[in-house]
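> Sharing a structure, written as structure tokens. Questions coming.
The values are calculated or read from the model by the stated rules, or taken from the named source; none is laboratory data. Just so we're clear, the structure is a prediction, and the values are computed from it rather than from any experiment. Neighbour counts are summed over all protein chains in view; Cβ atoms, including those assigned to glycine, are modelled from backbone coordinates with ideal geometry.
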Amino acid sequence: MELSMNNKNVTIARSYAKAIFHFSKEHNQIEYWQEILKLLSNIFCEKEIKEQLQHNIVSEKKIAELLILVLNNKINNFIKNFIKILSENKRLLLIPFILKEFKKLYYQYKNILYIKVFSANQLNEKQITILKNSLKKKFCINIKLKNEINKNIIGGFLIKINDLVIDCSIKNIINNLNKKMQS
């Protein structure tokens with residue numbers, strides 16, 4: 001049973017993330033929960049752990065018990081209960097998806113727009129600053145920018161903001177020129 005980011009898993013992860021986010025906000029523990037979710041996400045992204053769960057070699061209940069035992073001093077009772085609930089519902093492998101949804105809520109709460117910029121090469125600090133400032137001006141919101149290398153891009157870059165993609169690649173510019181010349 002390989003978990004993918006399909007609509008059902010996204011919906012389930014979003015529900016957990018919303019509940020956790022609102023709870024953590026009420027208890028003034030947003031950053032704490034985010035750090036614990038990152039830690040748990042790293043654990044459940046490990047190939048060996050995923051295989052153990054996917055092939056029912058070890059039950060989710062046993063992994064949850066072990067996790068709570070190992071992390072006992074780092075996690076509070078609410079997180080212990082959260083882990084137990086996920087294991088009872090056989091959803092421990094959803095933790096990376098829950099983290100992703102939690103981060104979306106966190107950025108929204110902090111008035112931050114998370115943007116991915118794909119480019120052929122790593123952008124330098126000056127380029128990143130210029131891009132962040134122009135996007136901040138356009139969207140009137142704080143920007144968190146992540147630059148990822150994509151070797152399929154010859155030059156220029158792609159900007160991904162949630163479901164919006166802004167294609168500033170040389171390939172796209174050339175394709176648009178071709179379309180205009182052919183019409």
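> So which of 98, 43 ends up being buried (at least 20 other Cβ atoms within 10 Å of the Cβ) and among the β-branched types (Val, Ile, Thr)? First the steps, then the outcome.
Numbers: 43 fails: buried (at least 20 other Cβ atoms within 10 Å of the Cβ).
Selected residue: 98, the only one of 98, 43 that is buried (at least 20 other Cβ atoms within 10 Å of the Cβ) and among the β-branched types (Val, Ile, Thr).
> Condition first: out of contact with any Leu (no Cβ under 9 Å at 6 or more places or on another chain) and small (Gly, Ala, Ser). Can you find one or more residues in the stretch 21-28 that meet it?
Yes: the stretch 21-28 contains one or more residues that are out of contact with any Leu (no Cβ under 9 Å at 6 or more places or on another chain) and small (Gly, Ala, Ser).
> So which pairs qualify, if the first residue must be in the stretch 27-53 and of a type in the set (Gly, Ala, Ser), the second must be at pLDDT 85 or above, the Cβ gap must be under 9 Å, and the two must be at least 6 apart or on different chains?
41/95; 41/96; 41/97; 41/98; 41/99; 41/100
> In the list 65, 51, 60, which residue meets the criterion of being surrounded by 14 or more Cβ atoms within 10 Å (Cβ to Cβ) and closer than 26 Å to residue 11 by Cβ? Walk me through it before giving the result.
Working: 65 fails: closer than 26 Å to residue 11 by Cβ; 51 fails: surrounded by 14 or more Cβ atoms within 10 Å (Cβ to Cβ).
Going through 65, 51, 60 in turn, the sole match is 60.
> Now, a different point. Just checking, does the stretch 164-181 include any residue being surrounded by 15 or more Cβ atoms within 10 Å (Cβ to Cβ) and in contact with a helix residue (DSSP H, G or I) (Cβ under 8 Å, 6 or more places away or on another chain)?
no
> Would you confirm, using the coordinates I've provided, whether residue 158 is in contact with an Asp or Glu (Cβ under 8 Å, 6 or more places away or on another chain), of a type in the set (A, V, I, L, M, F, W, C) and closer than 21 Å to residue 121 by Cβ?
Yes.
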